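*Asks:* Next up is a structure, given as C-alpha cells.
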Amino acid sequence: MIVLGVETSCDETAAAIVEGGRVRSSVVASQVELHGPWGGVVPELASRRHLEAILPVMRAAVERAGLPGFEAIEGVAVTQGPGLVGALLVGLAAAKGFAYARRLPFVGVHHHEAHLHAIYLEEPDLGYPFVGLLVSGGHTSLHLAEGLGRYRLLGRTVDDAAGEAFDKGAKLLGLGYPGGAVIDRLAKGGDPTRVRFPRARLGPPSGPEPLDFSFSGLKTALRQRVERGEVPARDTPAFADFVAGFQEAIVEPLVDKAIRATRATGVRRLVAAGGVAANSRLRARLAEACAREGVALYIPSFHLCTDNAAMVAGLGEAYLAAGRRSGLDADARPDWRL
C-alpha cells in the first residue's frame with residue numbers, strides 16, 4: 001500500500017510516502033529559526049507556520065517519491081497525538097480532508113508509538129517483544145512492546161523529560177536552541193568525568209529503585225552553578241568538560257535504567273527512539289552497555305529519530321494492513337498516553 005504520512009505534533013511540518021515498509025520520500029520543514037530567539041517552541045507560532053507549510057510539504061513528498069500525482073496514494077496516516085493541540089489540528093485537518101476527497105482509508109496514530117515503530121523501516125525483521133526507551137523533548141519513558149499496539153509502561157519521567165533538560169540547560173548556558181544538538185557538539189571535546197552533576201534517586205534509600213526518571217534537580221543544580229559564577233569561559237577545555245559532565249548526568253540514568261529494564265523483563269532486545277536518541281553520547285553508552293549485557297540494540301538512523309512523517313506512514317501502513325481505521329471525526333489528542 002502506498003501511504004501518505006503527515007506529522008505536525010510540535011514544530012516540524014512533515015510529510016512522507018511509504019510503500020511496503022520502504023520510505024520513498026520524507027520531507028521535513030523545520031521551524032528552528034522561528035523559535036530560536038524564544039529559546040523554545042511557541043505553540044501559536046508553530047500552528048501558524050504549519051498552516052503555511054503543510055500543503056507545500058505534502059506536494060513535495062509526492063514529487064520526491066516519484067509518484068505521478070496524489071491519485072497514486074492508497075492510504076493516509078496522521079499523528080493524532082500527543083502534542084501541541086493547535087499544531088496537531090493542522091495536520092489532522094489536512095490528512096482528513098485529503099482522505100475524504102479521495103475516499104481513502106485513514107488512520108490516526110500515536111506519536112510515541114510511531115517513534116518506537118520507526119525501527120521497522122530499517123529492521124523489518126525485528127520481532128516482538130522488545131524494551132523501548134523513548135527519549136524526546138516532551139517525553140521520557142520505558143515500555144515493554146509486546147506487539148503492534150500492545151505496550152506496557154515500565155517507567156517514565158516524574159518531572160522534566162530528557163530533551164527538556166538538554167534544552168533548558170542550553171538556555172541557562174546561553175547556547176541557543178535546540179539545546180540538545182549544541183550540547184552534543186560541544187561535549188565531544190570534553191571529559192565527562194571531570195565535572196560531576198547530581199543524579200536523582202527515586203524511591204526509598206534501601207531496596208530496588210523504580211525505573212522512573214527525574215531531571216528537574218539536575219536543571220536546578222546547573223542554575224545554581226550559573227548563579228554562583230562557576231561556569232568556565234566559553235571556548236575553553238574546561239567549558240567542554242563542564243558541558244560533557246552535564247550531558248553525562250542525563251545520559252547515565254537513561255542507559256542504566258534501560259539496561260535494568262531488560263534485566264527485569266528478561267527481554268534481550270532494546271530499541272531507543274525519539275529525538276534524544278540522536279545524541280551521540282547516548283548512542284555510544286547504550287552500545288557499550290548492551291554489548292556487556294548481551295542485549296541486542298536497535299536505534300534508527302538520525303533522520304528517523306527526530307520528528308518525521310516516515311515513521312507515521314510506516315506505522316499507519318501496518319495498522320491499515322491490519323484493518324484498523326479512524327473515523328473522519330477523529331480529534332486531536334494532546335495528552336494521549338501510550
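The values are calculated or read from the model by the stated rules, or taken from the named source; none is laboratory data. Keep in mind it's a predicted model, so treat the numbers as computed, not measured. All Cβ positions, glycine included, derive from the backbone under ideal geometry; neighbour counts span all protein chains shown. With ligands, DNA and RNA removed, areas are computed over all heavy atoms of the protein, side chains included. Shrake-Rupley method; radii C 1.70, N 1.55, O 1.52, S 1.80 Å.
*Asks:* Scan segment 158-174 residue by residue and report those that are in contact (Cβ under 8 Å) with a residue 12 or more places away in the chain and either assigned to a loop (DSSP other than H, G, I, E, B) or open to solvent by less than 30 Å² (accessible area, probe 1.4 Å) (or both). First the steps, then the outcome.
*Replies:* Here is the first cut: in segment 158-174, the residues in contact (Cβ under 8 Å) with a residue 12 or more places away in the chain are 158-173.
Passing the criteria: 158, 159, 160, 161, 162, 163, 165, 166, 169, 170, 173.
*Asks:* Would segment 265-281 turn up any residue that is touching a Leu at 6+ places or on another chain (Cβ under 8 Å), assigned to a strand (DSSP E or B) and open to solvent by 10 Å² or more (accessible area, probe 1.4 Å)?
*Replies:* Just the residues of segment 265-281 that are touching a Leu at 6+ places or on another chain (Cβ under 8 Å), to begin with: 265, 267, 269-274, 276-277.
In the following step, the residues that additionally are assigned to a strand (DSSP E or B) were identified as 269-273.
Then drop every residue that is not open to solvent by 10 Å² or more (accessible area, probe 1.4 Å), which leaves 269.
Within segment 265-281 (the criterion being touching a Leu at 6+ places or on another chain (Cβ under 8 Å), assigned to a strand (DSSP E or B) and open to solvent by 10 Å² or more (accessible area, probe 1.4 Å)), the answer is yes, since at least one residue qualifies.
*Asks:* Among the residues of segment 286-338 satisfying the criterion of being in a helix (DSSP H, G or I) and of a type in the set (D, E, K, R), which is farthest from residue 258 (Cα to Cα)? I'd like the intermediate steps shown before the answer.
*Replies:* Taking segment 286-338 and keeping what is in a helix (DSSP H, G or I), we get 286-293, 302-305, 310-321.
With the extra rule that they be of a type in the set (D, E, K, R), the set shrinks to 288, 292-293, 317.
Numbers: 288: 13, 292: 13, 293: 11, 317: 29 Å.
Ranking the qualifying residues of segment 286-338, first place goes to 317.
*Asks:* Let me ask another. Being in contact with a helix residue (DSSP H, G or I) (Cβ under 8 Å, 6 or more places away or on another chain) and of a type in the set (Gly, Ala, Ser) is the filter; apply it to segment 141-157 and report the residue that is surrounded by the fewest Cβ atoms within 10 Å (Cβ to Cβ).
*Replies:* To start, the set of residues in segment 141-157 that are in contact with a helix residue (DSSP H, G or I) (Cβ under 8 Å, 6 or more places away or on another chain) comprises 141-145, 148-149, 151, 154-155.
Retained after the next criterion (residues that are of a type in the set (Gly, Ala, Ser)): 141, 145, 149, 155.
Values: 141: 23, 145: 22, 149: 16, 155: 21.
Filtering first and then ranking leaves 149.
*Asks:* Checking residue 10 against (1) buried (at least 23 other Cβ atoms within 10 Å of the Cβ); (2) at pLDDT 95 or above: exactly one of these is not met. Which one?
*Replies:* It fails just one condition, (2).
*Asks:* Next up: Please give the helices (runs of 4 or more DSSP H) falling wholly within segment 13-131 in which 1 or more residues are at negative phi and open to solvent by 30 Å² or more (accessible area, probe 1.4 Å).
*Replies:* Numbers: elements: 32-35, 43-64, 85-102, 111-117.
Because the criterion is at least 1 residues that are at negative phi and open to solvent by 30 Å² or more (accessible area, probe 1.4 Å), the helices (runs of 4 or more DSSP H) in segment 13-131 that meet it are 32-35, 43-64, 85-102.
*Asks:* I need every pair where a residue in segment 103-127 that is farther than 16 Å from residue 78 by Cβ has its Cβ under 7 Å from the Cβ of a residue that is at pLDDT 95 or above and among the aromatic types (Phe, Trp, Tyr), sequence separation at least 6 or different chains.
*Replies:* Qualifying pairs under 7 Å: 119/298; 123/298; 126/120; 126/298.
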